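The values are calculated or read from the model by the stated rules, or taken from the named source; none is laboratory data. Keep in mind the model is a prediction, meaning the values are calculated, not measured. Every residue, glycine as well, gets a Cβ built from its backbone with ideal geometry; the counts of neighbours run over all protein chains shown.
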């Protein structure tokens, strides 16, 4: 059973490169109370403030909120990249985060070399690395491109490689940012199919997106983030009804209805 | 949390996947996949908790050595991808430099080429390792920012990568040393069994220095140029191009030589290779400085490790 508990998590970023006083004042005035000073008078941005929720197997959680609301920071914190300043994250199960299309890949290395690095990071054996390379090649439809450096790929190809790599290693908890939508229509179908298989195997999916139709289609729970805090937490319909203007909400419901 | 409408759609979308249609999905879980261990990341200010996490970080790097090895190998390969000679350039450029400088300086210092050239070769090759580890160590985390910010990974992997990469470079350069030694009939002494503990100490020092300089370099962006200047000065005040014996009669070098950690480190490797007897004083100085380095690195790493991703 996979589980993910976010308990009263706060994250704040130090701003080291803005020492100037005037700049400090400008920024302080501009940002609605989310800037504070820490004990040593360094400027910090409180990206997350007291966020709590628990996810269990089968949960498909969406995050929605304006730019800078803390969605991506929360995903990174859940992935264990940023360690929280207060609170704790407990995960049970292998976590994979698809946060940016590059996926920490080295653009100068070939697709196959990047897959090998990812496999070694997961502690795979030589035989398994080859199997993973074949699996990714088949799923991403990149065949001969895998022998070329990643920087020669189109952005869509990078997305396909990143997604194939992240899901081929069978995560129990998958954290995704919205860039996945850069794939073409046929790839989106394949991606959906693979994710559905994964979620059916009682795993956890966390998705951050600006698109209500995607949220309605993929998620069974939605959290609305605002200013680094949870503004609303509930079913996608409830939360979206509060988040969107009524006409857009109706439109999104309609779009999601068609897709399903 | 799941209301009737969404759970209905959930079931509906699940129904779309007929049993036989499953083939495009991921295969069965691999036998060697990561086990579903429970991981708790809690904000903590207790040193004991931080020490535990730092040790976990180091342990994870030790287990990931195939990754460290492959990363280093790819680094070297990438550097020479598309060049005709490939990594052979490492060997060749060292050989060219040693030949040019060796002949010129032997004349300048009034030295016999047959004794000066082997000394210079081994000194330059060893110094190259020290100074490259120091300069690349300062950027070991800033260069790996894409990796650090996309997945949870032990941070010490990036320091180990710098060490491993430079060990590979050293391996290429050792060929030149071997050739020069053969050419001039230089033989390692009877005390060359100390080369093994010496090299292990070098590896430990290189790892600690990369970790320490990398953390400082990530937090303070002025560190890389500062370290570059310091290493430049160290190159001139350390007996690398010159032999301390050349200046012994002037009596001014003892202080510089005896307090210089680089000299002691060089000497514990260079001495046995050039057939000199064991130098206990050099070992003492090297061990004392190393111990200090490990202590400082340990404190800084335990303290700064959780903050590193925020600095990138």
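Answer yes or no as to whether residue A:212 is in contact (Cβ under 8 Å) with a residue 60 or more places away in the chain, surrounded by 21 or more Cβ atoms within 10 Å (Cβ to Cβ) and over 23 Å from residue A:252 (Cβ atoms). Steps first, please.
Working: in contact (Cβ under 8 Å) with a residue 60 or more places away in the chain: yes; surrounded by 21 or more Cβ atoms within 10 Å (Cβ to Cβ): yes; over 23 Å from residue A:252 (Cβ atoms): no.
Here the answer is no, as residue A:212 does not meet what is asked.
Out of the residues in segment A:97-113 meeting the condition of being crowded, with 22+ Cβ neighbours inside 10 Å and assigned to a strand (DSSP E or B), tell me which one is farthest from the other protein chains (Cβ to nearest Cβ).
Step by step, filter segment A:97-113, then rank; the result is A:98.
If you check residue A:227 against the conditions, is it modelled with pLDDT of 75 or more, surrounded by fewer than 20 Cβ atoms within 10 Å (Cβ to Cβ) and in contact with a strand residue (DSSP E or B) (Cβ under 8 Å, 6 or more places away or on another chain)?
Considered against the rule, which asks whether it is modelled with pLDDT of 75 or more, surrounded by fewer than 20 Cβ atoms within 10 Å (Cβ to Cβ) and in contact with a strand residue (DSSP E or B) (Cβ under 8 Å, 6 or more places away or on another chain), residue A:227 comes out as yes.
Scan segment A:176-185 and tell me whether some residue there is in a helix (DSSP H, G or I), buried (at least 20 other Cβ atoms within 10 Å of the Cβ) and either touching a residue at least 12 places away in the same chain (Cβ under 8 Å) or away from chain B (no Cβ under 11 Å) (or both).
Yes, the conditions are met somewhere in segment A:176-185.
Looking at (1) within 12 Å of chain B (Cβ to nearest Cβ); (2) in contact (Cβ under 8 Å) with a residue 12 or more places away in the chain; (3) under 19 Å from the mean Cα position of the chain (by Cα), which is the one condition that is false for residue A:129?
Result: residue A:129 fails condition (3) only.
Kindly evaluate residue A:117 against the criterion of being facing another protein chain (nearest Cβ under 7 Å), in a helix (DSSP H, G or I) and touching a helix residue (DSSP H, G or I) at 6+ places or on another chain (Cβ under 9 Å).
yes
For segment A:210-260, name all the residues that are more than 15 Å from residue A:61 (Cα to Cα), in contact with a helix residue (DSSP H, G or I) (Cβ under 8 Å, 6 or more places away or on another chain), within 14 Å of another protein chain (Cβ to nearest Cβ) and not in a loop (DSSP other than H, G, I, E, B).
A:241, A:249, A:252, A:253, A:255, A:256, A:259 - these are the residues of segment A:210-260 that are more than 15 Å from residue A:61 (Cα to Cα), in contact with a helix residue (DSSP H, G or I) (Cβ under 8 Å, 6 or more places away or on another chain), within 14 Å of another protein chain (Cβ to nearest Cβ) and not in a loop (DSSP other than H, G, I, E, B).
Looking at B:92, B:104, B:126, which is the one that is assigned to a helix (DSSP H, G or I) and in contact with a helix residue (DSSP H, G or I) (Cβ under 7 Å, 6 or more places away or on another chain)?
Going through B:92, B:104, B:126 in turn, the sole match is B:126.
Consider segment B:61-85. How many of its residues are surrounded by 13 or more Cβ atoms within 10 Å (Cβ to Cβ) and in contact with a helix residue (DSSP H, G or I) (Cβ under 8 Å, 6 or more places away or on another chain)?
15
State which residue is nearest to the other protein chains (Cβ to nearest Cβ) when the search covers only segment B:214-234 and only residues that are more than 17 Å from residue B:310 (Cα to Cα) and surrounded by 15 or more Cβ atoms within 10 Å (Cβ to Cβ).
B:223
Mind listing whichever residues of segment A:134-146 are within 13 Å of chain B (Cβ to nearest Cβ) and assigned to a helix (DSSP H, G or I)?
Hits for segment A:134-146 are A:134, A:135, A:136, A:138, A:139, A:140.
Hey, does segment B:41-50 have a residue that's touching a helix residue (DSSP H, G or I) at 6+ places or on another chain (Cβ under 9 Å) and exposed (fewer than 14 other Cβ atoms within 10 Å of the Cβ)?
Yes.
I'd like to verify a number: residues in segment A:61-84 that are touching a residue at least 40 places away in the same chain (Cβ under 8 Å) and at the interface with another protein chain (Cβ under 8 Å from one of its Cβ atoms), how many?
So the count comes out to 3.
Within the bounds of segment B:60-67, is there any residue that is in a helix (DSSP H, G or I), more than 13 Å from chain A (Cβ to nearest Cβ) and modelled with pLDDT of 90 or more?
No, there is no match, as no residue in segment B:60-67 is in a helix (DSSP H, G or I), more than 13 Å from chain A (Cβ to nearest Cβ) and modelled with pLDDT of 90 or more.
Quick check on segment B:270-312: of everything there that is in contact (Cβ under 8 Å) with a residue 24 or more places away in the chain and assigned to a loop (DSSP other than H, G, I, E, B), which residue is surrounded by the most Cβ atoms within 10 Å (Cβ to Cβ)?
B:274
Is it the case that segment A:162-170 has a residue that's surrounded by fewer than 20 Cβ atoms within 10 Å (Cβ to Cβ) and either at the interface with chain B (Cβ under 7 Å from one of its Cβ atoms) or modelled with pLDDT of 90 or more (or both)?
Within segment A:162-170, not a single residue is surrounded by fewer than 20 Cβ atoms within 10 Å (Cβ to Cβ) and either at the interface with chain B (Cβ under 7 Å from one of its Cβ atoms) or modelled with pLDDT of 90 or more (or both).
From the list A:90, A:73, which one is surrounded by fewer than 23 Cβ atoms within 10 Å (Cβ to Cβ), in a helix (DSSP H, G or I) and out of contact with any helix residue (DSSP H, G or I) (no Cβ under 8 Å at 6 or more places or on another chain)? If you could, list the steps in order and put the result at the bottom.
On the way: A:90 fails: in a helix (DSSP H, G or I).
Matching residue, one of A:90, A:73: A:73.
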